[in-house]
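Heads up, the thing below is written out as structure tokens.
The values are calculated or read from the model by the stated rules, or taken from the named source; none is laboratory data. These figures come from a predicted structure and were not determined experimentally. FYI the Cβ positions are ideal-geometry reconstructions off the backbone, even for glycines, and counts take in every protein chain you see.
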Ligand SMILES: [Zn+2]
């Protein structure tokens, strides 16, 4: 599972990726469009078959009160559950996150922890699986789609990597709202088609799912460029500047190093932390 990520973390050290004299990528950041208002986004979503809001059968939002599951996920916020840690490469940890919504749950990233699928089912299953980039590709993508009947979505530039495992149902391309309150934010740099997802939870937090665009390296925000996936330093800088203008209260990466896979942040700390990372890319 997560073969590509394993390759990247094993084959590409930070020293290589940021080697002085590396030619800048010719890939330029795509034009970013401002998010549309939620109401108008909802209207357009109804016309798009891939993103039609689905009605899930009634289910327990807790998903843990009726039976014991072989594998049980961890509830980290009222509407957000974390899968068990996977280690695609020594020292690297990854998780997936299930956002439980009345209109259809969204699984961010990917999980090969099959023991937890029963628990996911009890939480309402998966309506959509959103990948942040190609390093999350693994055999479980096909299994999740088959088991839950979910739609698999990724950026247009990552599709060729994903469809080696299974068909992609819907593509991201521009910055926009999908499914009512999920903001898709293209953030090229780690890979050409990396995206982040920003969600205002009705329970009060605002989640920023950053994929590997920016991740926690022993509690400190860090970046890594996957040149195999079309990443570039100049694109990454532009993307971090976009993320710097957001005000998330929780930032959740896909992979991480150390024992902290996500972190609560203040607006000031987030801006300051991004500035420090930008300095490393100067
Ligand atoms: Zn990655």
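Matching residues to (1) surrounded by fewer than 19 Cβ atoms within 10 Å (Cβ to Cβ); (2) modelled with pLDDT under 95; (3) within 16 Å of the ligand (Cβ to nearest atom):
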residue: 220; (1), (2), (3): yes, no, no
residue: 224; (1), (2), (3): no, no, yes
residue: 228; (1), (2), (3): yes, yes, yes
residue: 231; (1), (2), (3): no, no, yes
residue: 237; (1), (2), (3): yes, no, no
residue: 248; (1), (2), (3): no, no, no
residue: 255; (1), (2), (3): no, no, yes
residue: 259; (1), (2), (3): yes, yes, no
residue: 269; (1), (2), (3): yes, no, no
Qualifying residues in the range 180-198 (those that are part of a loop (DSSP other than H, G, I, E, B) and over 17 Å from residue 233 (Cα atoms)) - the one farthest from the ligand (Cβ to nearest atom): 180
Residue check, residue 216 at pLDDT 95 or above, in contact with a strand residue (DSSP E or B) (Cβ under 9 Å, 6 or more places away or on another chain), crowded, with 19+ Cβ neighbours inside 10 Å and in a strand (DSSP E or B): yes
Identity of the residue in the range 126-174, surrounded by fewer than 16 Cβ atoms within 10 Å (Cβ to Cβ) and in a loop (DSSP other than H, G, I, E, B), that ends up farthest from the ligand (Cβ to nearest atom): 149
Filter pass, residue 177 being in a helix (DSSP H, G or I) and either within 16 Å of the ligand (Cβ to nearest atom) or crowded, with 19+ Cβ neighbours inside 10 Å (or both): no
So residue 279, is it exposed (fewer than 13 other Cβ atoms within 10 Å of the Cβ), without any contact (Cβ under 8 Å) to a residue 12 or more places away in the chain and under 16 Å from residue 187 (Cα atoms): no
Residue 216 vs. criteria more than 15 Å from the ligand (Cβ to nearest atom) and touching a residue at least 40 places away in the same chain (Cβ under 8 Å): no
